[in-house]
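Enquirer: Just passing along the structure, written as structure tokens.
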Amino acid sequence: MSEDRTHVQEFFTARAADWDSRFPDDGPAYAAAVAELGLREGDRVLDAGCGTGRALPPLRAAVGASGTVVGADLTPAMLQAAARAGRDKDGHLLLADVGALPLRSGAFDAVFAAGLIAHLPQPSENLRELRRVVRRGGLLALFHPIGRAALAARQGRQITPGDLRAEPNLRPLLAGAGWRMTSYVDEDARFLTLAVRED
């Protein structure tokens, strides 16, 4: 379900203040997903669609004081919630659309994107933009703290064949945007797809 920019901003603005309290137990899932990226001390990582910045502390821990962590989000209210939670100490918060990032090409070693794919208005183009800001051989992690079936049940809906996160849909979508899927996990407790930038 891709959405336009205005709808995304309205949706998340209305939920920003209590977002973290609605999902208080997601921290370990975020930390485990960040660990699977295999980041090293001094790496540069972008949290695309960072929301309230729940991934920023584990990302900072992974890259250390010498690394770079940037959290970019389209919704000012989500970035404000991240700052109120003190997560701006773990990374630089940037108000930006992932479809047109004000970042130089090849600036990052990895991109972490939690819950982002379903909200991209132009998934193929937006994934290409994420590829642009990653160095050759850099990584992309598409993550959600619960799997597709669990998320659908939470939302009172059925999984549809057109779900972008389904492997048969996601693999060619990533390939068309210059990424090669290296792993795919869809379990009740998490969704995590890793991809490497192809050249």
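The values are calculated or read from the model by the stated rules, or taken from the named source; none is laboratory data. Quantities reported herein were computed from a predicted structural model and do not represent experimental measurements. Neighbour counts are summed over all protein chains in view; Cβ atoms, including those assigned to glycine, are modelled from backbone coordinates with ideal geometry. Quick note on the areas: whole protein, heavy atoms, side chains included, nothing else; ligands and nucleic acids left out. Shrake-Rupley method; radii C 1.70, N 1.55, O 1.52, S 1.80 Å.
Enquirer: Scan the chain and report its longest stretch carrying no GluC sites (Glu not before Pro) that are both in a DSSP loop and have at most 15 other Cβ atoms within 10 Å.
Expert: Details: sites that count: GLU3, GLU41, GLU198.
Counting only loop sites that pass the neighbour cut-off, the longest clear stretch is 42-197.
Enquirer: Another question, if that's okay. What percentage of the solvent-accessible surface of the stretch 72-178, computed with a 1.4 Å probe over protein heavy atoms, is contributed by carbon and sulfur atoms?
Expert: Details: 2500 of 4660 Å².
The computed percentage sits at 54.
Enquirer: Rounded if a/c is under 1.5, else prolate if a/b is larger than b/c, else oblate: which is the stretch 45-199, with a ≥ b ≥ c the root eigenvalues of its Cα gyration tensor?
Expert: Values: a/c = 1.67, a/b = 1.21, b/c = 1.38.
Since a/c reaches 1.5 but b/c is at least a/b, the shape of the stretch 45-199 is classed as oblate.
Enquirer: Relative to a virtual label point 7 Å from the Cα of SER66 in the Cα→beta-carbon direction, which members of the stretch 9-43 show backbone nitrogen distances below 19 Å?
Expert: Residues 38-43 fall inside that zone.
Enquirer: Roughly how many Å² of SER105 are accessible to a 1.4 Å probe, to the nearest 10?
Expert: Accessible area, nearest 10 Å²: 70 Å².
Enquirer: Across the stretch 188-199, in residue order, what do the Karplus-derived ³J(HN,Hα) couplings come to in whole Hz, using 6.51 cos²θ - 1.76 cosθ + 1.60 with θ = phi - 60° and x for Gly and Pro?
Expert: 4, 7, 5, 10, 8, 10, 10, 9, 10, 5, 8, 10
Enquirer: Can you sort ARG104, ARG180 by solvent-accessible area, 1.4 Å probe, largest first? Working shown, then result.
Expert: Details: ARG104 150, ARG180 110 Å².
Of ARG104, ARG180, the descending order of accessible area is ARG104, ARG180.
Enquirer: Let me ask something else. For ARG87, what is the net charge nearby, where nearby means another residue's Cβ is under 13 Å from its Cβ and Lys, Arg count +1, Asp, Glu -1? Can you show the working numbers first?
Expert: Numbers: positive: ARG54, ARG60, ARG84, LYS89; negative: ASP20, ASP47, ASP73, ASP88, ASP90.
Neighbour charge sum, excluding ARG87 itself: -1.
Enquirer: Using the beta-carbon distance between SER21 and ALA189 and R0 = 22 Å, what value does 1/(1 + (r/R0)^6) give for FRET efficiency, to the nearest 0.05? It would help to have the intermediate numbers written out before the result.
Expert: Details: r = 20 Å, r/R0 = 0.93.
According to the calculation, E is roughly 0.60.
Enquirer: Work out from phi, with θ = phi - 60° and the Karplus expression 6.51 cos²θ - 1.76 cosθ + 1.60, the ³J(HN,Hα) of each residue of the stretch 46-61, listed in order in whole Hz, and give x for Gly and Pro.
Expert: Those phi angles translate into 10, 9, 8, x, 5, x, 7, x, 5, 7, 4, x, x, 5, 4, 4 Hz.
Enquirer: Accessible area per residue, 1.4 Å probe, Å², for the stretch 96-199: what's the number? Don't skip to the answer; put the middle values down first.
Expert: Details: 4530 Å² over 104 residues.
About 44 Å² of surface per residue is accessible.
Enquirer: I want to verify a result. In a Gaussian network model of the chain, Cα cutoff 10 Å, which of these has the top mean-square fluctuation: PRO123, PRO168, PRO76?
Expert: Of the options given, PRO168 has the highest mean-square fluctuation.
Enquirer: In whole Å, what is the distance between the alpha-carbon centres of the stretch 59-122 and the stretch 166-188?
Expert: 21
Enquirer: Under a 10 Å cutoff between Cα atoms, tell me which one of VAL134, VAL185, VAL111 has the largest fluctuation in the Gaussian network model of the chain.
Expert: VAL185
Enquirer: Among SER183, VAL196, PRO161, pick out the residue whose Cα is farthest towards the positive end of the charge dipole of the stretch 153-199, where Lys and Arg carry +1 and Asp and Glu carry -1 on C-beta, about the Cα centre.
Expert: Of the options given, the answer is PRO161.
Enquirer: Under 5 Å between amide hydrogens, which residues at least 5 positions from GLU198 or on another chain qualify, with H placed 1.01 Å from N in the peptide plane?
Expert: When sequence neighbours closer than 5 places are left aside, the close amide H contacts are TRP179, ARG180.
Enquirer: Quick check on the chain: of the DSSP beta bridges with both residues there, what percent are antiparallel, nearest 5%? Don't skip to the end; give the middle numbers.
Expert: Working: 14 of 32 bridges.
Percent antiparallel among DSSP bridges in the chain is about 45.
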